[in-house]
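Participant: Please find one structure pasted underneath; my questions will follow.
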Amino acid sequence: MAVSIELGKALDKAYENATLDEVLAAPPSALAGLTDKHDELLAGMGIKTIRDLGSNKYFATAGVLVALSGKVG
């Protein structure tokens, strides 16, 4: 099954037409709003790519907690 998603506003212009593999291998600054300084700070935590960022257990846990926050109660 083919899936299409528009990520233009979420990515730096240089990555708007990149493949998913290229985006996942890109530095975090490929995400709109992040800079080379963010890359440096995240690298200190062992996060050098968007794939690393998305699979980091702390960021993943925080994402799940935020998603659940609107569902509890």
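The values are calculated or read from the model by the stated rules, or taken from the named source; none is laboratory data. Keep in mind that what you see is a predicted model, and the values were worked out from it rather than measured. Counting neighbours? That spans all protein chains shown, and the Cβs are built from the backbone with ideal geometry, glycine included. With ligands, DNA and RNA removed, areas are computed over all heavy atoms of the protein, side chains included. Shrake-Rupley method; radii C 1.70, N 1.55, O 1.52, S 1.80 Å.
Participant: Evaluate the following for Ala67: is it hydrophobic (A, V, I, L, M, F, W, C), at pLDDT below 95, in a loop (DSSP other than H, G, I, E, B) and open to solvent by less than 70 Å² (accessible area, probe 1.4 Å)?
Facilitator: Considered against the rule, which asks whether it is hydrophobic (A, V, I, L, M, F, W, C), at pLDDT below 95, in a loop (DSSP other than H, G, I, E, B) and open to solvent by less than 70 Å² (accessible area, probe 1.4 Å), Ala67 comes out as no.
Participant: In the stretch 42-53, how many are open to solvent by 60 Å² or more (accessible area, probe 1.4 Å) and not charged (D, E, K, R)?
Facilitator: Going through the stretch 42-53, the residues open to solvent by 60 Å² or more (accessible area, probe 1.4 Å) turn out to be 44-45, 48, 51.
Still in the running and not charged (D, E, K, R): 44-45.
Going through the stretch 42-53 one residue at a time, the tally reaches 2.
Participant: Return yes when Asp39 is of a type outside the set (Phe, Trp, Tyr), surrounded by 12 or more Cβ atoms within 10 Å (Cβ to Cβ) and not in a loop (DSSP other than H, G, I, E, B) and no when it is not.
Facilitator: So Asp39 passes the test.
Participant: Under 7 Å between Cβ atoms, at least 6 apart or on separate chains: pull out the pairs that start in the stretch 10-31 with a residue that is within 18 Å of Ser55 (Cβ to Cβ) and touching a residue at least 24 places away in the same chain (Cβ under 8 Å) and end on any residue that is part of a helix (DSSP H, G or I) and open to solvent by 60 Å² or more (accessible area, probe 1.4 Å).
Facilitator: Every condition considered, the pairs that remain are Val23/Tyr15; Leu24/Arg51; Ala25/Arg51; Ala26/Tyr15; Pro28/His38.
Participant: Can you report the number of residues in the stretch 2-36 which are open to solvent by 50 Å² or more (accessible area, probe 1.4 Å), in a loop (DSSP other than H, G, I, E, B) and at negative phi?
Facilitator: Within the stretch 2-36, residues that are open to solvent by 50 Å² or more (accessible area, probe 1.4 Å), in a loop (DSSP other than H, G, I, E, B) and at negative phi number 13.
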